[in-house]
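K.L.:
Here it is, the structure, as structure tokens.
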Amino acid sequence: MVQQKIVMKVQMSCEKCRTKALKIAAVAKGVKQVSIEAEKDQVEVIGERIDSVTLTMSMRKKVGHAYIVSVEEVKKEKKEKKPSDEPSYCYVPCLQYPNPMHYQVVHEQPTNCSVM
């Protein structure tokens, strides 16, 4: 599933308004994480299949003026494998055999020449 991050600007003048906005965002369908930035009056919601318009309208109804700042996809960080100092060992037995070597045997017949 694709997670999305929604940032909304909500008019929160008191602690009661912040608590109310936090509760509204937390009970919305698909929400996994909610955070509030009090200095910026922003609510950040992370989850799957969140209806940002419905959430914003709910905030407007119960808290006050609210609008969507951004909606973006949350990308998962890929951990890169670092080469370790220890040598890696293969624990699976190798079932390949080396190719057979072919030799050609040449028989030379002795000659009657004694000078050789």
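K.L.:
Starting from the Cα of His65, step 7 Å along the direction of its Cβ; do the same at Ser35; then give the gap between the two resulting points in nm.
P.N.:
Rounded to a tenth, the inter-label distance reads 2.6 nm.
K.L.:
Place a label point 7 angstrom from the Cα of Thr54 along the Cα-to-Cβ direction, then list the residues of the range 5-39 whose backbone nitrogen is under 20 Å away.
P.N.:
Answer for the range 5-39: 5-9, 21-35.
K.L.:
How big is the dipole moment of the range 3-73 about its Cα centre under a simple scheme where the beta carbon of each Lys and Arg is +1, that of each Asp and Glu is -1, and everything else is neutral? Debye, nearest 20, please. Working shown, then result.
P.N.:
Numbers: 13 positive and 9 negative charges, 82 e Å.
Roughly 400 debye, rounded to the nearest 20.
K.L.:
Whole-Hz ³J(HN,Hα) for each residue in the range 62-75, computed from phi via Karplus 6.51 cos²θ - 1.76 cosθ + 1.60 with θ = phi - 60°, x for glycine and proline: what do you get?
P.N.:
Rounded to whole hertz, the list is 9, 10, x, 4, 8, 8, 7, 8, 7, 10, 9, 7, 8, 9.
Throughout, read-outs are computed from the coordinates displayed, never taken from laboratory work. Source: prediction; values computed, not measured. Note: ideal-geometry Cβ built from the backbone for every residue, glycine included; neighbour counts use all protein chains shown.
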